[in-house]
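Input: a single structure, listed below in structure tokens.
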Amino acid sequence: MNLRDRHRSAAEIPTSSMADIAFLLIIFFMLTAVFATTEGLEFDLPEDDPTQLDVQPEEAIHIKILGEGQHVVDKTPMTLEEMGGYVQMKMQQSPDKPVIIQTEPNVPYFVMIDVFDLLKYLQVQNISIPTRTEIERWKAFGIFE
Amino acid sequence: MKPHRIRRIVPVIPTASMADIAFLLIIFFMLTTTFSPEKTTVELPQSEIRTEVPKDAAIIAITQEGIIRFTDGERPSFALGTAAELGPLTQEVVRFLPDREFVIKADRMVRYELIDAVLEQLRLNGAKKVGLLTERKTGGGV
């Protein structure tokens, strides 16, 4: 007489918690993910040689940034749009003309970036961003005011 | 008469493909996550023209409060007291990793004075190429 239960349950791997684990991992990666910005504006710094001047300031377009929307280009106050037109006109005459950006110390950084971006947009090749020490040196040479 | 037997089907939400979707998302996040040594959150200025800067560049982060943080691109970033402290660090990078680019990741509202001080230190200590991180300009032209 066979009294043993012949009913066999099928073998299976419990996967019901798989989704829970997976969502836990998703949340972890979503919270730790930092979408890094790796794009921007590039320029070359001049070498530090006090005896040499890389830019001839008297030949350059001189942009002085005094504040948001307050730019003085070659001693004439201009808006960003006017500056664009002026620089474009000068570039057509001599494409290698250097452009010097001088920013006042208390001006927010983005104002300078706006001007720099405009010059890049106009495909100005020779952009110079002198530091205050360099400007002082140029002043000492008597070729910058 | 034998009453008609009503067979009820138990309502079930099919969840079998849930794990597949979830793992797909995991793989996406694993592949897109980059572990950068510089994690300071700043509101970058916006620009129309943007060029790719190298991912392993030395980063100088400047927060709106004026705190300067530095990383040579390999070690995690750390805060500096003044911009002048950047001098020896720049020299070190220029000497040992001559091809390394320097990137300034500054908040859009930072006073230009600070950027100037950082650029001055970079220039004096032999840095050649500098990048200014920006965000894509949204809406409106130049």
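Read the figures in this text as sums done on the coordinates, not as results from a lab. Keep in mind that this is a model prediction, so the values were computed, not measured. When we count neighbours, we look across all protein chains shown, and the Cβ atoms used for this are built from the backbone with ideal geometry, even at glycine.
Taking other residues whose beta carbon is less than 10 angstrom from the beta carbon of residue B:61, and scoring Lys, Arg as +1 and Asp, Glu as -1, yields +1. Rounded to the nearest whole Hz, the Karplus-based 3J(HN,Hα) values (6.51 cos²θ - 1.76 cosθ + 1.60, θ = phi - 60°) of segment A:82-87 follow the sequence 4, 4, x, x, 5, 5, with x at glycine and proline. For segment B:31-118, just say rounded, prolate or oblate: build the C-alpha gyration tensor, square-root its eigenvalues into a ≥ b ≥ c, call rounded for a/c under 1.5, and beyond that prolate if a/b exceeds b/c, oblate if not. It is rounded, given that a/c, with a ≥ b ≥ c, falls under 1.5. The alpha-carbon of residue A:97 sits under 24 angstrom from the alpha-carbons of these lysines, leaving out residues fewer than 8 places away in its chain: A:64, A:75, A:120, A:139, B:128, B:129. Output the antiparallel fraction of DSSP beta bridges having both residues in chain B, as a percent to the nearest 5. Counting only bridges with both partners in chain B, antiparallel ones make up about 40 percent. For chain B, a Gaussian network of Cα nodes joined below 10 Å ranks B:16, B:58, B:117 by mean-square fluctuation, and the top entry is B:16.
Secondary-structure-derived ellipticity at 222 nm for chain B, considering helices only, amounts to -8500 deg cm²/dmol, per-run term -39500 (n - 2.57) for DSSP H runs with n ≥ 4. For chain B, leaving out every one of the trypsin sites (Lys or Arg not before Pro) that falls in a DSSP loop and has at most 12 other Cβ atoms within 10 Å, the longest unbroken run is B:56-142. Listed by number, the DSSP H helices of chain B that run 24 Å or longer by alpha-carbon position along their axis and have mean Kyte hydropathy of at least 1.6 come to an empty list.
Largest GNM mean-square fluctuation among B:11, B:98, B:88, using chain B with Cα springs under 10 Å: B:11. With each label modelled as a point 7 angstrom along the Cα→C-beta vector, the residue B:51-residue B:33 pair spans 3.3 nm.
Counting only aspartates and glutamates at least 8 places from residue B:137 when in the same chain, those with an alpha carbon closer than 14 Å to its own are A:39, A:114, A:117, B:43, B:48. Expressed as a whole percent, the proportion of Cα-Cα pairs in the protein assembly as shown lying more than 32 Å apart is 42%. Among B:68, B:49, B:13, the largest mean-square fluctuation in a Gaussian network model of chain B, built with springs joining Cα atoms closer than 10 Å, belongs to B:13.
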